[in-house]
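Accompanying notes for the structure given below.
Just so you know, all these numbers are worked out from the coordinates, no wet-lab data involved. The structure displayed is predicted, hence computed values, not measured ones. FYI the Cβ positions are ideal-geometry reconstructions off the backbone, even for glycines, and counts take in every protein chain you see.
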Amino acid sequence: MRAEHPILVVDDEKNIRRTLRMVLEGEGYEVLEAGGAAEARDVARAGRVDAVILDVMLGADSGLDLLEALKRGELGGESDRDVPVIMISGQATLADAVRATREGAFDFLEKPLDRDTLILRLRNALELRSKSREVATLRAAKYEMIGDAPVMQELYRQIAKVAPTKGRVLITGESGTGKELIARAIHDASAYARGAFVKVNCAAIPPELIESELFGHERGAFTGAVGKKRGLFEVADGGTMFLDEIGDMSLEAQAKVLRVLQTGELARVGGERTIKVDCRVIAATNKDLDKEVAAGRFRDDLFFRLNVVPLRSPALRERIEDVPRLAAAFVKQTCRENGFREKRLLPAVVDRLATYSWPGNVRELRNVIERLVIMSDDEIGERDLPPYLLSAPRTVAAASAPPAGSVDLRAYAGLSLRDFRDEIEREFLRLKLDELDWNISRTAVALGIERTNLHKRLRSLGIERGERNDKDK
């Protein structure tokens, strides 16, 4: 039996560890052992662990303290915070069980352990974790980043490196390039993925309200503060705070954000009590913060705190080869959201979209596609395009165009393999039918197929009989 699902067994009694190893390995699990808290920390940090069976008493150490550290993500690695922990004890108290549950233990079992019960609870824990990750994957798919251009491949590589760490990230790029998608991708692949993703548009909040929004306020702190309010940093505790358009934040608010980054502490407006928060901070801007710092509009110390890992969101004109795939995805999404049967972008439209400069980037493309889907019939043709796209000069270099006489496969990049095959066959059949004056018998002979099969294929591909001069009655 192939060993799978590494299970860390932490118990100071060697005989207990040996017994659990025999039981778990008999069920096909890989078993890692630790006799104390320090050893358990080393094992967890050294590699992936899918579940932990942890004794409450570890000699001089406390298994409950180790559980707390594990759930805070202090042992490193993206799986720490959601790894299921089954606590075991031969001297359990009600207080121990309550604390274990509060700290996030999946279950609490008393010694001597019943083999079948332990295996059942472990399977349930692993299944629940798997389901939770499926949900997280589905949630991430909602914010899928689309594109295969070299600049996007490099961006994916950078996201994969930075996401599992706790490093702060500063995302720069033009408006409409998808900076929020990058932030969400980092959050969903991080140790903070189970927490909230809290977005703050610093440019949209009036300067006089931004401190209250970020840090909260106490009742009576200012006119209109009729009750106590939690700030967004508190809401993001255990998750990710995304400070979008941070270049538009006031200097006063910047100073308070800097304090949170330095100490992990904040105070509500009008309050004196210090509140500790643990959240990952990702910031984004379409401004050149180096210039903003030089002009005195942005604090250099905050810039250095935020700019630990800089990521750049590329403009759409830098990855124009991704336009067909993006357009196809937006068509599908818009049709689904509006209850339409899925529509098709004709190749000429795809070609026109792929040769426009897109100053508004992906956001502009998405808006155009939404308009096309809503205002068009089943097929989206050039007649449906807005006038400015029809009259815009083609900006893609001629060198990128296919050689004369070859098929421009870029026009079909948004299709599945089956749809691509059908589209090519449809166009080829129309070409042969035109060539032979729509005579079905002659066309079938030229193609080397039976006449009845050609009729079936024409119906399957939606090539209507009205398209021809009926010479084959």
Checklist entry - Hey, what's the per residue convex hull volume over the C-alpha atoms of region 147-314, in cubic angstrom? => result 110
Checklist entry - Roughly how tilted is helix 115-142, in degrees to the nearest 10 and between 0 and 90, from the longest Cα axis of the chain? => result 50
Item to check | Table column - 3J(HN,Hα) (Hz), region 437-451, Karplus curve with 6.51, -1.76, 1.60, x for Gly and Pro | outcome: 6, 6, 8, 5, 4, 4, 5, 4, 4, 5, 8, x, 10, 5, 4
Checklist outcome for this item: Per the helix-only model, the chain has a calculated mean residue ellipticity at 222 nm (DSSP H runs of ≥4, -39500 (n - 2.57) each, divided over all residues, rounded to the nearest 500) of -13500 deg cm²/dmol
Next on the checklist: If I model a spin label at Ala203 and Asn124 as a point 7 Å from the Cα along the Cα→Cβ vector, what separation in nanometres do I get?
Outcome noted: 5.1
Checklist entry - If we count other beta carbons within 10 Å of each Cβ, what is the order of Ser376, Ser190, Ser175, fewest first? => result Ser175, Ser376, Ser190
Checklist outcome for this item: Contour minus Cα-Cα span, Arg102 to Ala392, at 0.36 nm per residue, comes to 98.3 nm
Item to check | In nm, spacing of pseudo-spin labels at Lys432 and His455 (7 Å Cα→C-beta vector) | outcome: 1.7
Checklist entry - Which is the longest part of the chain that has none of the GluC sites (Glu not before Pro) sitting in a DSSP loop with at most 13 other Cβ atoms within 10 Å? => result 1-143
Next on the checklist: Counting other beta carbons within 10 Å of each residue's own, what order do Phe106, Phe233 fall into, fewest first?
Outcome noted: Phe106, Phe233
Item to check | Low-density loop positions, trypsin sites (Lys or Arg not before Pro), region 267-307 - DSSP coil, at most 16 other Cβ in 10 Å | outcome: Arg273, Lys287, Arg297
Item to check | Environment charge at Ala295 (Cβ cut-off 11 Å; Lys +1, Arg +1, Asp -1, Glu -1) | outcome: 0
Checklist outcome for this item: Sorting Ser250, Phe233, Thr172 by the position of each Cα along the dipole of region 148-259 (Lys, Arg +1; Asp, Glu -1; all at Cβ), the one nearest the positive end of that ordering is Phe233
Checklist outcome for this item: Relative contact order as a percentage, the chain, C-alpha pairs under 8 Å and 6+ apart, gives 10
Item to check | Helix axis angle, 361-375 relative to the chain longest principal axis, alpha carbon, degrees | outcome: 60
Checklist outcome for this item: For Gly216, the residues 5 or more places away or on another chain with a placed amide H closer than 5 Å to its own amide H are Gly231, Leu232, Val269
Checklist entry - Long-range amide H contacts for Val9: which residues qualify at under 5 Å (H placed 1.01 Å from N, peptide plane, sequence gap of 5 or more or a different chain)? => result Leu32, Glu33, Ala34, Ile53
Checklist entry - Given labels modelled 7 Å from the Cα in the Cβ direction, how far is it in nm from Lys287 to Asp300? => result 1.7
Checklist entry - Sequence-distant or interchain residues sharing an amide H contact under 5 Å with Leu109, placed H: which? => result Met87, Ile88, Ser89
